[in-house]
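Trainee: Could you have a look at this structure, given as structure tokens, before my questions?
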Amino acid sequence: MKYFKLLLVFSILLFLNKGYAQFGPGGVGNSTSNGLWLKADDISQTNSTPVVTWNDASGNNNNATAAVNEQPLFVSNSSFNGMPAIRLDGINDQMVIADTDILDGTNGITIFAAIRPNNLDGAPRGILGKRITFNDAPTYAYSWFFHTSNYLNLDINNYNHNRFNSNPTNFSNTNNYLLKMGFDGSLATNQAYIYNAGSLIAQSNIPESTITNSPADLVLGGLNYNYSNRFGADYAEVIQFNYSLNLAEEIIVNNYLSAKYDIALTSNDFYTTDNSTSGDFDYHVTGIGQASDGSNHIDSQGSGIVRMNTPSNLSNGDFLFWGEETKDPTYNFSNNATNHTQELNSKWRIGKVNDLGTVTVSFDLTSIDLIGVDTCYPMQLIIDNDSNFSSPTMHSLTVSGSTATATNISFNDLDYFTLGYVDEVIWNGSAFCNGSGASNAPNHSDDCLKLTVKSGSSAILTFDAHVREVEVESGATLIVNDGVLLEVEQSVNINGLIDLQGEAQLIQSHNSTTSNTGTGALVKRQQGNSNLYNYNYWSSPVNNGGAWQIGDIEDSNGVINFHNSVNADASTTPITLSSRWLYSYNGLSNTYALWNKLSSTSALTPGIGYTMKGSGAASGNQEYIFRGTPNDGNYSIPIAAGDGILIGNPYPSALNADQFINDNLSVIDGALYFWEQFSTNNSHNLKDYEGGYSIRNLMMGTAA
């Protein structure tokens, strides 16, 4: 079997240079540039319980902590799109992030905050601050706060000549805001700025080119630690970068936050699949693109498992975003009955502005449950313009370690995509899907795929096929044409019908114990000599409940009748056979008296042979039908030294005579002998039986 086994790899390289995939908010930044990333949805607590520690997701461990009597409360279902938040009471609450170099001392900084104020009253209410006191200029890095008329204010390095505010834009309580402050010391003018919902609301000239490297801790809920006026608010997310984001990066982070918290942007609102009409693909929103000023960001993964990069035709104004439908998915695969693939239980949707060409798409498989996922086909990227993936475009993925990658992928705006793989060939009731043969039927290349037959018209195999397992659903029929081989690696589950016509063969390659199941049946036809006086030697290729009763045998009209008369009667419908000639043998060799009398209700285990005389039909041959669960696996029939036993082929396929000889050369003389009774026999008397042995060895065969 040609199994391609996907292996789980439980490690990922987190600390990457800025030029490589970025795992920060929206796919912007990494641990060298993203100094702080506090997400309330990372907190696992019960609603209304105190928050002692708010862990930093940036990779820098800049966790926010709160002392006793200063701890905010956890809000599990907030006004931020039902996402969690932490609630500062505006009286005592504050959270502190210990001083570290990445939080200041640079020539640029960018901070985002998703907040909902509850105590704005014109007094100074600090969103955050990194200073010791308001007039301690040598240790003053920045403070960001609401003040008179509830304007939003920003101080950089100094509270005096550097202060500016959002006048006349004022803010009010119980509204959700997506705010940004920043500083870019490389600019000649307007180095400091404040944004609301993606739009600039204030900017100012700052004489300094760098932000002070302050020893002060960063505090949430005040202008500095233990500031007299505390800020009351719900905080959903706080993000800090140690540089001034370019316009493309700013647009990406804003769209990430806007989608997640359902806060409308007033500028550059490019990701539009975050609403109920489009399916609410609000989570792990990530993007790449190039802004109108030529700045770009071309490699992103963000907080999700999907990375995109290397756009082939990037121009100003081109953006590509993707967001996931599930916030915290537990990834696994399940069957998509529409396109007959195994699909991941979460999907993504595209938001596209203009056209940046093709991209490379990668999936981090670390968090996906791949236990039991075996496929001879590559993992596939599945793209469609409808959420059911009813007519998808499939792209093969190259799997290396814990990463699956597809190159030169083109998306349309509003496309859906997910991961999947082919695990089965389907007869959908009218046609085959996913097979490698003609008309998508299975062939020898599909030995690791399951063959599933659904109800409808009969599925017909006209060429040999090799599959992993077979399932025939209730009401379904699989016909294997005369002379065609169906080879199965594992089990057969029949709740409908498998019809082996003529010399069709079913071979199950496993050598374990029987594993076939189902309430349906396999039908196998065998030709017997119809002479009333000649024995036919049989063993059943099927069982019913683990054994075979001779009385279960059928002809084309149904289950055969038995009577105790000497001769059979072929004129009845179905035919009537004589039970007088039913025997098995297991005893001392060549001892005629040890033939064991059987009845039509005798239960025979697979491999046990029996005799049965002909029907008397004028045609010379009589067709018998065996119906039941196909025998499979290994069968062991013990025999004592010096004894003989009548056994037969227990399987619904022919045995290879040469292989049988080679496998048994240590215990046989290299020849097989086949007893043939002559067609001229016309008596039930033993002394009148005439016949002879045909012989087959590895060189030739000789007729009887």
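Values quoted throughout were computed directly from the atomic coordinates according to the rules given, and no laboratory measurement underlies them. Since we're looking at a predicted model, the values are computed, not measured. Here the Cβ positions follow ideal geometry from the backbone for every residue, glycine too, while neighbour counts run over all protein chains shown.
Trainee: Placing unit charges on C-beta atoms (Lys and Arg positive, Asp and Glu negative, everything else neutral), compute the dipole magnitude of the chain about its Cα centre in debye, rounded to 20. Don't jump to the answer; show the numbers that get you there.
Mentor: Details: 29 positive and 65 negative charges, 128 e Å.
In total the dipole reaches around 620 debye.
Trainee: Which far-off residues, 5 or more places away or on another chain, put their amide H under 5 Å from the one on THR514, with H placed in the peptide plane?
Mentor: Close amide H contacts, sequence-distant or interchain: ASN634.
Trainee: Quick one: net charge of ALA233's neighbours, Cβ under 12 Å, K/R +1, D/E -1? Present the calculation step by step, with values, prior to reporting the outcome.
Mentor: On the way: positive: ARG87, ARG116, ARG125, ARG230; negative: ASP89, ASP93, ASP234.
Taking every other residue near ALA233 into account, the sum is +1.
Trainee: Can you give the FRET efficiency for HIS444 and ALA671, using 1/(1 + (r/R0)^6), R0 = 25 Å, r = Cβ-Cβ distance, to the nearest 0.05?
Mentor: That gives a FRET efficiency of 0.15.
Trainee: Tell me which residues come under 5 Å, amide H to amide H, from GLY616 once H is placed; ignore anything under 5 positions away on its chain.
Mentor: ASN531, LEU532
Trainee: Looking only at Cα atoms, what is the convex hull volume of the range 218-263 per residue, in Å³?
Mentor: On the way: hull volume 4.3 nm³, N = 46.
It comes to 94 Å³ per residue, whole-number rounded.
Trainee: Can you give the helix-only mean residue ellipticity at 222 nm for the chain, where every DSSP H stretch with n ≥ 4 adds -39500 (n - 2.57) and the sum goes over all residues, rounded to the nearest 500 deg cm²/dmol?
Mentor: Numbers: 2 runs with 22 residues, N = 704.
Rounded to the nearest 500, it is -1000 deg cm²/dmol.
Trainee: In sequence order, what are the phi-derived ³J(HN,Hα) couplings for the range 489-502 according to the Karplus relation 6.51 cos²θ - 1.76 cosθ + 1.60 with θ = phi - 60°, rounded to whole Hz, with x for glycine and proline?
Mentor: 6, 10, 9, 10, 10, 10, 10, x, 9, 10, 10, 8, 8, x
Trainee: In whole Å, what three semi-axes, largest first, describe the equivalent ellipsoid of the range 33-177 built from its Cα gyration tensor (square root of 5 times each eigenvalue)? It would help to have the intermediate numbers written out before the result.
Mentor: Values: eigenvalues 122, 81, 39 Å².
Those come to 25, 20, 14 Å.
Trainee: Provide the per-residue ³J(HN,Hα) series for the range 417-432, in order, calculated from phi with Karplus coefficients 6.51, -1.76, 1.60 and θ = phi - 60°, each as a whole number of Hz, with x at glycine and proline positions.
Mentor: Per-residue couplings from phi come out as 8, 7, 9, x, 7, 8, 10, 8, 8, 10, 9, 7, x, 9, 7, 7 Hz.
Trainee: On to the next question. Could you work out the equivalent-ellipsoid semi-axes for the range 500-598, taking the square root of 5 times each eigenvalue of the Cα gyration tensor, largest first, in whole Å?
Mentor: Numbers: eigenvalues 135, 87, 33 Å².
Taking √(5λ) for each Cα gyration eigenvalue gives 26, 21, 13 Å.
Trainee: How big, on average over all directions, is the shadow cast by the Cα convex hull of the range 67-106, in nm²? Spell out each step's value before the answer.
Mentor: Numbers: hull surface 17.7 nm².
Directional mean of the projected Cα hull area for the range 67-106 stands at 4.4 nm².
Trainee: Using every alpha carbon pair in the range 558-649, what percent of pairs falls into each 10 Å bin from 0 up to the bin containing the largest distance?
Mentor: Bin by bin from 0 Å, the calculated values are 14, 39, 33, 13, 1.
Trainee: Give me, ordered by chain and number, the residues 5 or more places off LYS450 or on other chains with an amide H under 5 Å from its own placed amide H.
Mentor: Residues meeting the criterion, in which the H sits 1.01 Å from N, are GLU424, VAL425, ARG468, GLU469.
Trainee: On to the next question. Using only Cα atoms, what is the ratio of the radius of gyration of the chain to 2.2 N^0.38 Å? Spell out each step's value before the answer.
Mentor: Numbers: Rg = 39.0 Å, N = 704, 2.2 N^0.38 = 26.6 Å.
Compared with the compact-globule rule of thumb, the chain sits at 1.47.
Trainee: Can I ask one more? Subtracting the Cα-Cα distance from 0.36 nm times the residue separation, let me have the gained length for SER619 to THR398 in nm, one decimal. Intermediate values should be presented prior to the final figure.
Mentor: Details: separation 221, 0.36 × 221 = 79.56 nm, distance 6.09 nm.
Length difference between fully extended and current span is 73.5 nm.
Trainee: Need the full-extension length gain, ASN61 to ASN167, defined as separation in residues times 0.36 nm minus the C-alpha distance. One decimal, nm.
Mentor: Values: separation 106, 0.36 × 106 = 38.16 nm, distance 3.61 nm.
Contour length minus Cα-Cα distance gives 34.5 nm.
Trainee: Then there is this: Please compute the net charge surrounding ASN495, taking Lys and Arg as +1 and Asp and Glu as -1 over other residues with Cβ under 14 Å from its Cβ. Can you show the working numbers first?
Mentor: Numbers: positive: LYS454; negative: GLU469, GLU471, GLU473.
Net local charge, ASN495 excluded: -2.
Trainee: What nm distance separates the two modelled labels at ASN511 and THR358, each placed 7 Å from Cα along Cα→Cβ?
Mentor: For the pair ASN511/THR358, the computed spacing is 4.7 nm.
Trainee: Within the range 314-341, what residues put their amide N at less than 20 Å from the label point 7 Å along the Cα-to-Cβ vector of ILE409?
Mentor: Zone members listed by number: 314-315, 318-336, 339-341.
Trainee: Any idea what the relative contact order of the range 355-426 is, in percent, if you count C-alpha pairs under 8 Å spaced at least 6 apart? Walk me through the numbers on the way to the answer.
Mentor: Working: 110 pairs, mean separation 30.3, N = 72.
The normalised contact order for the range 355-426 reaches 42 percent.
Trainee: Tell me, what is the percent relative contact order of the chain, built from C-alpha pairs under 8 Å that lie six or more residues apart? Could you put the intermediate results ahead of the total?
Mentor: Numbers: 1966 pairs, mean separation 61.2, N = 704.
It comes to 9 percent, rounded to a whole number.
Trainee: Take the alpha-carbon centre of the range 622-690, take the same for the range 491-530, and report the distance between them in whole Å.
Mentor: 19
Trainee: Spin-label point model (7 Å from Cα, Cβ direction): what's the ASN557 to LEU588 distance in nm?
Mentor: 4.6
Trainee: Continuing with the same structure: Any idea what angle helix 247-261 forms with the longest principal axis of the chain, computed on alpha-carbon atoms, 0 to 90 degrees, nearest 10?
Mentor: It works out to around 70 degrees.
Trainee: Next question. Please identify which residues in the range 137-154 have an amide N closer than 19 Å to a label point set 7 Å out from the Cα of GLU208, following the Cα→Cβ vector.
Mentor: Output list for this probe position: 137-145, 153-154.
Trainee: Could you give me the ³J(HN,Hα) list for the range 666-672, computed from phi with Karplus coefficients 6.51, -1.76, 1.60 and θ = phi - 60°, whole Hz, x at Gly and Pro?
Mentor: Each residue of the range 666-672 in turn: 6, 10, 10, 8, x, 10, 10 Hz.
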